[in-house]
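S.K.: This structure is in structure tokens; I'll ask about it shortly.
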Amino acid sequence: METKKLTAADKREIFELIKKKSDGIMNIALAAYFIFGIFLSFFYDTYLVAFGVGGLSLVAYFLTKTILPKSNLYQYILGAVLAVFAAQFIYQMHGLFEMHFFVFVGSTLLITYQNWRLQLPLIILVVVHHASFAYLQYLGNKEIYFTQLEYMDLQTFMFHGALAAVIVAICGYWAYDLEKKTISEYVNKVALEGQLKNVTNNIAFAEQISSGNLTVAHNLTDDSDELGKALVKMRENLLAASTKEQQERFVTVGITQVGDVIRNNADSLQNLADDFIRTVVKYMGMNQGGLFLVESEGSDQYLNLTACYAYERKKYLSRRVEIGQGLVGQCFLEKDIIYMTKVPQDYVQITSGLGEATPGCIVIVPVMTSDEIVGVMELASFQPLEKYRIDFLKKVAENIASSIVSSRVTERVKKLLAESQQQTEEMRAQEEEMRQNMEELQATQEEMRRKEVHVRNVLEEEQAKSERAREGRSVLMRLTKDDDVQMGNWDAALEKITSSISKFLGVSRASIWAYNEEKHSIVSEKLYMKAGNKFEAGTELFGKDFPRYFKAVLAEENIVAENAHTHPATSEFSEIYLKPLNIESMLDVPIFNQGKIFGVICCEHQHEQKKWTDEDADFLRSCADLITVVYKSHQLMGIKASLPVN
């Protein structure tokens, strides 16, 4: 577990309770010392020493503690006071040897502060006292007492001092060791509280995701929070899928509305142009737009503003643009979209009841079929356009182009028929031309019918994909909300995930395998078999037996095998695994954990080959992300369960 560097303030906070507890012990000990000194005074009438020296020692200790309450100086004074009391007791008992043990009692009491430095004033004063008192006593001073022995040689004195130093050193080591253990326990406690906070935040974030809130923010406070990273990645994937669905739905609904406009105005080109530009401007949320159609004047061609719409009302404007003139004419020549976000001040003005303003963007789209351009559509807006909206404009421009061509041909044929009724004789001369026109009309109508069928097929296909994607998200959302998945209940969560995969993809077998890098093998964590609705686990496959399959898995790519017997990565299983179980198709998607291969999801289809789609692989990738979240939750729940309960 990573430890942080403690500041002086941190240490004060850690040892504040220890200091208060030790102060209480010392108050009792000092009172006992003082009372004991009074008790000893009765033996040799040393009342003045008992009250004088003992009282001054207590005054020095409590005065320092009162004057400097935030300083630890009083603790060092305490060490000196304990040494003075030991010297006082030795003097009061005229050198009684047992009184020397009060040095060790004082040293032991100082251990409670867990500060080995407090032993220094004690041992220094004891050494000074012993040396000076022993020297004075052996000089013949009868009022100074160190020992009751007649004589203590230097060797005995050295042993005496050495043993005292050893005991004080041991007490100092105990104080040092206790200090380190206290700091270590504090750091570990802070680290575990941080991990628990991450777990709590991740659970709250997962609940927000499961409730459908994909825009909720999640700030990672710890770079080692892999579960939080996995949840953020899953949220981003779900948000991307939701955004993609909305964009696809925007295009599908818009094409449907334009298709309705085309069907309802097949007989009038002007009505078709008016309804089309009004529908596009309103659906796109643009501010104004115009449809320029190519017209002929003799041998010359030009672009005429056929329809214009702005601010919920049709504009009756007359405008002619020559081929190649301005951006509209240039778009006609280049047959490509022009998109501008820096619009010149004098290019166009958007007018409303509040005044005029320059638009934020201009988009000019050629209206053309695959082989013919019939006009140009120009739109203006204050807001820039996303790419999918520009692509939508390109598609609807292709649809309206075919209808314009058909409508113009129809109008031209009608005109010819009217003239033919009035000019019967001229009709005969132009019979061949009329027949050709009719053939052209039929070809155009057939083309339009083919396009209608194509558009209908595209719409049905897009609707089917949208419904399939919605079902996939529903399955994933249900799994995300599941209690076993959120709580990291490994076996139960894997059973629900594998059975859901089998049901959604319509496959007979779905399994989850964990990769063992050390053994270079994969182990079946859970296999769901649709036949019998049962689960198995424990099968192990080794890379040395199936090298091509393991190479494909470790390449971190999807294995899409419609024919599992011939696919390069799965053909190794044909004789010993696929044929005995009648497995025809396989789809394997890797599972990642901390940027590395963690395992693989394997889908197997029996009895007939199955065509896998991109949506199937996307669904399995989302399931792989969910399995990573379950694994991380499982690990963190294990850590949380091992923590002591206060």
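The values are calculated or read from the model by the stated rules, or taken from the named source; none is laboratory data. All figures in this text were calculated on a predicted structure; none of them were measured in a lab. FYI the Cβ positions are ideal-geometry reconstructions off the backbone, even for glycines, and counts take in every protein chain you see. Ligands, DNA and RNA are stripped out before the accessible areas are found, and what is left, the full protein with its side chains, is counted by its heavy atoms. Shrake-Rupley method; radii C 1.70, N 1.55, O 1.52, S 1.80 Å.
S.K.: Are there any GluC sites (Glu not before Pro) in the stretch 592-646 that are in a DSSP loop and have at most 11 other Cβ atoms within 10 Å? List them by number. Display every interim value, and only then the final one.
M.R.: Details: sites: Glu604, Glu608, Glu615; in loops: Glu608.
Taking the stretch 592-646 and a limit of 11 other Cβ atoms within 10 Å, the loop GluC sites (Glu not before Pro) found are Glu608.
S.K.: If I model a spin label at Val523 and Leu163 as a point 7 Å from the Cα along the Cα→Cβ vector, what separation in nanometres do I get?
M.R.: Those two pseudo-labels are separated by 6.0 nm.
S.K.: Right, something else. Report, by chain and number, residues whose modeled amide H sits under 5 Å from the one on Lys610, excluding near sequence neighbours (fewer than 5 apart, same chain).
M.R.: Amide H neighbours of Lys610: Ser585.
S.K.: So, one more: Cα-based Rg (one decimal) and Dmax (whole number) for the stretch 236-301, in Å?
M.R.: Cα only, the stretch 236-301: 16.9, 59 Å (Rg, Dmax).
S.K.: I've got another one for you. Could you go through the stretch 598-611 in sequence order and give the Karplus-derived ³J(HN,Hα) for each residue, using 6.51 cos²θ - 1.76 cosθ + 1.60 with θ = phi - 60°, rounded to whole Hz, and x for Gly and Pro?
M.R.: 9, x, 8, 9, 10, 10, 10, 10, 9, 6, 8, 6, 10, 8
S.K.: Probe radius 1.4 Å, ligands and nucleic acids left out: which of Asp260, Asp267, Asp275, Asp491 has the largest accessible area, and how do the rest follow? Present the calculation step by step, with values, prior to reporting the outcome.
M.R.: Numbers: Asp260 60, Asp267 125, Asp275 35, Asp491 85 Å².
Highest to lowest solvent-accessible surface, that is Asp267, Asp491, Asp260, Asp275.
S.K.: Any idea what angle helix 614-642 forms with the longest principal axis of the chain, computed on alpha-carbon atoms, 0 to 90 degrees, nearest 10?
M.R.: With rounding to tens, the tilt is 10 degrees.
S.K.: Using alpha-carbon pairs under 8 Å, 6+ residues apart, how would you state the relative contact order of the stretch 441-571 in percent? Write out the running numbers ahead of the final one.
M.R.: Details: 116 pairs, mean separation 15.6, N = 131.
This gives 12 percent for the stretch 441-571.
S.K.: Can I ask one more? Would you mind getting me the FRET efficiency between Asn237 and Thr566? Use the beta-carbon distance for r and R0 = 56 Å, nearest 0.05.
M.R.: Numbers: r = 32 Å, r/R0 = 0.58.
E(calc), rounded to 0.05, equals 0.95.
S.K.: On to the next question. Residue by residue, what Karplus-based ³J(HN,Hα) values in Hz, rounded to whole numbers, does the stretch 104-117 have, using 6.51, -1.76 and 1.60 with θ = phi - 60° and x for Gly and Pro?
M.R.: 6, 4, x, 4, 5, 4, 5, 4, 4, 7, 6, 9, 5, 5
S.K.: Hey, can you grab everything whose amide H is under 5 Å from the amide H of Ile323? Only 5+ residues off in sequence or another chain; H modelled, so Pro and N-termini drop out.
M.R.: Leu303
S.K.: Using only Cα atoms, tell me the angle between helix 490-505 and the longest principal axis of the chain; keep it within 0 to 90° and round to the nearest 10.
M.R.: Between helix and principal axis, roughly 0 degrees.
S.K.: Also: Please state, to two decimals, what the Cα-based radius of gyration of the stretch 551-604 comes to when divided by 2.2 N^0.38 Å (N = residues).
M.R.: Details: Rg = 11.7 Å, N = 54, 2.2 N^0.38 = 10.0 Å.
In units of the 2.2 N^0.38 Å rule of thumb, it is 1.17.
S.K.: Using modelled amide H (1.01 Å from N, peptide plane; none on Pro or chain starts), what sits under 5 Å from the amide H of Thr306, excluding residues fewer than 5 places away?
M.R.: Leu291, Phe292, Leu293
S.K.: How far apart, in nanometres, would the label points at Gln246 and Ala32 be if each is projected 7 angstrom from Cα along the Cα-to-Cβ direction?
M.R.: If labels sit at Gln246 and Ala32, their model points lie 7.5 nm apart.
S.K.: Where does each of 468-478, 518-528 land if you order them by average Cβ count within 10 Å, highest first?
M.R.: Values: 468-478: 15.9, 518-528: 17.5.
Highest-to-lowest ranking by the protection proxy: 518-528, 468-478.
S.K.: Provide the packing ranking of 582-589, 378-385, i.e. peptides ordered by the mean count of other C-beta atoms within 10 Å per residue, highest first. Spell out each step's value before the answer.
M.R.: Details: 582-589: 21.5, 378-385: 18.4.
The packing order, highest mean first, is 582-589, 378-385.
S.K.: Percent of accessible area on the chain owned by carbon and sulfur, 1.4 Å probe? Don't jump to the answer; show the numbers that get you there.
M.R.: Details: 19450 of 35240 Å².
The computed percentage sits at 55.
S.K.: Taking N as the number of residues in the stretch 453-573, what is its alpha-carbon radius of gyration divided by 2.2 N^0.38 Å? Provide the component values of the computation, followed by the final result.
M.R.: Numbers: Rg = 17.7 Å, N = 121, 2.2 N^0.38 = 13.6 Å.
Compactness ratio reported: 1.30.
S.K.: Once phi is turned into θ = phi - 60°, what whole-Hz ³J(HN,Hα) does the Karplus curve with 6.51, -1.76 and 1.60 give for every residue of the stretch 169-184, x standing for Gly and Pro?
M.R.: Per residue, the Karplus-derived 3J(HN,Hα) values read 5, 5, 4, x, 5, 4, 4, 5, 5, 4, 4, 5, 5, 4, 5, 4 Hz.
S.K.: Only Lys, Arg, Asp and Glu count, each charged at its Cβ (+1, +1, -1, -1), so figure out the dipole size of the chain about its Cα centre, rounded to 20 debye.
M.R.: Roughly 2500 debye, rounded to the nearest 20.
S.K.: Starting from 0.36 nm per residue, how many nanometres of slack lie between Asn271 and Glu185 once their C-alpha separation is accounted for? Numbers along the way, then the final one.
M.R.: Values: separation 86, 0.36 × 86 = 30.96 nm, distance 8.22 nm.
Full extension of this stretch gives 22.7 nm more.
S.K.: Any chance you could run the full-extension gain for Gln421 through Gln436? It's 0.36 nm times the residue separation minus the Cα-Cα distance, nm to one decimal. Before the final figure, lay out the partial values.
M.R.: Values: separation 15, 0.36 × 15 = 5.40 nm, distance 1.79 nm.
Answer, rounded to one decimal: 3.6 nm.
S.K.: How much length is gained if the chain between Glu575 and Glu467 is pulled fully straight, taking 0.36 nm per residue apart and subtracting their Cα-Cα distance, in nm to one decimal?
M.R.: On the way: separation 108, 0.36 × 108 = 38.88 nm, distance 3.83 nm.
Taking 0.36 nm per residue and subtracting the Cα distance, the gain is 35.1 nm.
S.K.: Mind listing which trypsin sites (Lys or Arg not before Pro) in the stretch 557-646 are in a DSSP loop and have 13 or fewer other Cβ atoms within 10 Å?
M.R.: Numbers: sites: Lys596, Lys610, Lys611, Arg621, Lys632, Lys640; in loops: Lys610, Lys611.
Those satisfying the criteria are Lys611.
S.K.: Still on this structure, I have one more. Per residue Cα convex hull volume for the chain, in cubic angstrom?
M.R.: Values: hull volume 191.4 nm³, N = 646.
Residue-normalised Cα hull volume stands at 296 Å³.
S.K.: What is the list of residues in the stretch 370-413 whose amide nitrogen lies under 19 Å from a point 7 angstrom out from the Cα of Leu327, following Cα to Cβ?
M.R.: The answer is 375-395, 397.
S.K.: How much FRET efficiency would the formula 1/(1 + (r/R0)^6) give for Val127 and Leu17, where r is the Cβ-Cβ distance and R0 is 35 Å, rounded to 0.05? Present the calculation step by step, with values, prior to reporting the outcome.
M.R.: On the way: r = 33 Å, r/R0 = 0.95.
Approximately 0.60, to the nearest 0.05.
S.K.: If you don't mind, another one. Assuming R0 = 51 Å, what is the FRET efficiency of Val253 and Glu193, from their Cβ-Cβ distance, to the nearest 0.05?
M.R.: On the way: r = 51 Å, r/R0 = 1.01.
E(calc), rounded to 0.05, equals 0.50.
S.K.: OK, next. For a test of the definition: using alpha carbon positions, the gyration tensor, and the 1.5 limit on a/c, classify the stretch 449-503 as rounded, prolate or oblate. Numbers along the way, then the final one.
M.R.: On the way: a/c = 8.35, a/b = 3.97, b/c = 2.10.
It comes out prolate by the Cα gyration axes.
S.K.: Here is a follow-up. Be a star and scan the stretch 364-396 for residues whose amide nitrogen sits under 11 Å from the point 7 Å along the Cα-to-Cβ vector of Thr341.
M.R.: 384-387
S.K.: Also: Please compute the per residue accessible area over the chain with all protein chains in place, 1.4 Å probe, rounded to a whole number of Å². Write down the numbers at each step before the final one.
M.R.: Details: 35240 Å² over 646 residues.
Spelled out: the 1.4 Å probe surface of the chain, per residue, equals 55 Å².
S.K.: Also, I was wondering about something else. If you take the square roots of the eigenvalues of the alpha-carbon gyration tensor of the stretch 353-478 and sort them as a ≥ b ≥ c, do you get rounded (a/c under 1.5), prolate (a/b over b/c) or oblate? Walk me through the numbers on the way to the answer.
M.R.: Details: a/c = 4.02, a/b = 1.66, b/c = 2.43.
Taking the square roots of the gyration eigenvalues as a ≥ b ≥ c, the stretch 353-478 is oblate.
S.K.: How far is helix 269-284 tilted, in degrees, relative to the longest principal axis of the Cα atoms in the chain, given as a value from 0 to 90 rounded to the nearest 10?
M.R.: In the chain, helix 269-284 runs at an angle near 0 degrees to the longest axis.
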